[in-house]
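Participant: Before I ask anything, let me first share the structure, which is written out below as structure tokens.
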Amino acid sequence: MTQARLPRQRSSETVSVSIGGYGGRVTLARADDGRVREVLLTAGGHGSTVGGLAEAVGSAISMGLVRGARLEDYRAALELLGLKDDMLN
């Protein structure tokens, strides 16, 4: 798969969520075509295990998205983390 290059500036939206009882944020960044291409997850405290796991999951999802995976492919996994369907549109 080829990797799509993201523009330096892109629109994004951030929502607050509860992930496994930890407060967190999800930021969805969109490419010029409007499709989500980057997911940033934060949860727990800085340097915590939960924080590191959330960051790693967000990075893995983002890597897949820029290589052509669809957000729908990740929807079930994200819902398991406590995200509601309306947050993922």
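Taken together, the values in this text are just the output of simple stated rules run on the coordinates, not laboratory data. Computed from a prediction, not measured in an experiment: that's the story for all the values here. Here the Cβ positions follow ideal geometry from the backbone for every residue, glycine too, while neighbour counts run over all protein chains shown.
Participant: Points 7 angstrom from Cα along the Cβ direction at residue 32 and residue 67: gap in nanometres?
Facilitator: If labels sit at residue 32 and residue 67, their model points lie 2.5 nm apart.
Participant: How long are the three semi-axes of the equivalent ellipsoid for segment 12-88, computed from the Cα gyration tensor as the root of 5 times each eigenvalue, in whole Å, largest first?
Facilitator: With the √(5λ) rule applied to segment 12-88, the semi-axes are 20, 13, 11 Å.
Participant: Let me ask something else about it. Among residues other than residue 65 whose Cβ falls under 13 Å from its Cβ, what is the net charge (Lys/Arg +1, Asp/Glu -1)?
Facilitator: That sum, taken over residues with Cβ under 13 Å, equals +4.
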